[in-house]
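All of the numbers you see were taken from the coordinates with simple rules; none came from a lab. It should be emphasised that the depicted structure is a prediction, and the values quoted were computed from it without experimental measurement. A quick note on method: Cβ atoms are made from the backbone with ideal geometry, for glycine too, and the neighbour counts reach across all protein chains shown.
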DNA sequence: CGTGCTTTTGAGACGACTCAACCATTGTGG
DNA sequence: CCACAATGGTTGAGTCGTCTCAAAAGCACG
């Protein structure tokens, strides 16, 4: 079975088997994190670098007034995070939502590879660009959309992202999200999320399945409702991928 | 006079004169953009790379319902954007708020330098990490803070950021911001921004000066009000900057 | 078959929005 | 140098979306 990291990167462009193998060979060791445990803590110094092999995590920030804002979700194949290459005091925490299998990367080996293999470098750059796009989309969602659209939009994004890493692509959200998690993601209260979700369910756009997991019944209908750009995250193959090697090894 | 790019990068860590010169030498040409004109348009393909030498710009997104969300402001010394290294269809626009002087970069030369000079590579990585931090802070601001705190927090950030690029550090916001711009940044309406700003002015935290420019009269007081972490953006020198060269040229 | 957690539902409050009128500033042409 | 237009800012009144608090209902697990 292919690693979700490779699956995801291959949505960006060419990543040959040799490059993929080289990337996977940067793995130092695997680590299993229990649900609810932290992969990284606010104000802690870290210089670790890893990707998510399985399970979901959340990147969030606790505020002085006790509130919480989830900044992003981390799904299988996501890298967390290039910031780890720099030794900074983290301004946020990362917590496992389910059991999470991490692949820790050997930074030196990783940088070496980045330096030597243009395919890997390009893929990783794509990955960073995609992640920034996700953050921007999140800003728009929270800043200028109603609760209903926010929620629909988030669910669509998660379903799409999990598919990129090899997860289900049939509308089922593979992880049970509590109302509180969705609320902290969307800048709402759990109560209001509950109401809004009921509304979507009443209209048959979404159903609640076993273990509290959600399923989008009609992705296109929901996407229309949510002003969701289906090209988002697609990031089709570029017409002319910039050749990082060309410059680097000239 | 030193370029704001160099000033800003030097807040991150060591960037010697040789490295700084090399970075500036990547400049292909300068371009002046009139206020209100776009540096980059939503859905357009771009593969340009440049930094802001003077003036302010905004990165924003227009929604289907006619609303606008400002994603970030671009100040002198900011790079816009590494994404330009990849040929993607932009999901947002960038518009000059004032007259803006751009320094266009020769991508090939830039990548070469990134590849060869570890000091430059480290600085740029810092820069990317800082930018991500700004986006995250923006999410928290919009998601979990009241109008009053949002506004205060934004002003504090802008004042700090302009100082990093060599602008005033005395609390004066060097560019006149319309209520609408602040509103589109903060996910509010111009009317409500007006009211909120009046409130801050009535309390003497902020004053309105000539040409509609704002001045924060007591930065510390406002920072306390706004739950603003003064370490934010500081990004003090790392204890042990990871040596990108060490791995790359081993 | 409790026990603890999450979800749902209801009622009322409040922050931010809308619409609309008026005011202030700046720039322009007579 | 003034009158005027254009733009952006302020203020008021009423509405609406989301929040708060609280209680009850589901659900999972020991």
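Here are the numbers for this structure:
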read-out	value
Anisotropy class of segment B:84-142 from Cα gyration tensor, a/c 1.5 cut	oblate
Separation of alpha-carbon centers, segment B:168-232 and segment A:104-134, rounded to whole Å	39
Principal-axis tilt of helix A:190-202 within chain A, Cα atoms, nearest 10 degrees	80
Nearest-ten-degree value, helix B:118-144 long axis tilted from longest Cα axis of chain B	20
Within a Gaussian network of chain A (alpha carbon springs, distance under 10 Å), most fluctuating of A:123, A:54, A:194	A:194
For residue A:194, inter-copy label distances in nm, listed shortest first [label point 7 Å out on the Cα-Cβ vector]	3.9
Whether segment B:1-129 is rounded, prolate or oblate, judged on the alpha carbon gyration tensor where a/c under 1.5 counts as rounded	prolate
Volume per residue of the C-alpha convex hull in the protein assembly as shown, rounded to whole Å³	145
Contact order normalised by residue count of chain A, Cα under 8 Å, 6+ apart, percent	22
Rounded to 5, percent antiparallel among DSSP beta bridges of the protein assembly as shown	100
Computed [θ] at 222 nm, helices only, for chain A once each DSSP H run of length n ≥ 4 contributes -39500 (n - 2.57)	-12500 deg cm²/dmol
Nearest-first distances (nm) between copies at residue B:224, label 7 Å from Cα via Cβ	5.6
Chain A: angle of helix A:107-116 to the longest principal axis, Cα-based, in degrees nearest 10	70
Segment A:135-165 and segment A:1-22: distance between their alpha carbon centers, rounded to Å	25
At 7 Å out from Cα toward Cβ: residue B:213 inter-copy label distances (nm, ascending)	5.8
Contact order relative to length of segment A:148-226, as percent, for alpha carbon pairs under 8 angstrom and 6 or more apart	36
Where a label projected 7 Å from the Cα of residue B:63 along Cα→Cβ would reach, residues of segment A:160-188 with amide N under 16 Å	A:186-188
Cα-based shape type of segment B:120-200, given that a ≥ b ≥ c are square roots of the gyration tensor eigenvalues and the cut on a/c is 1.5	oblate
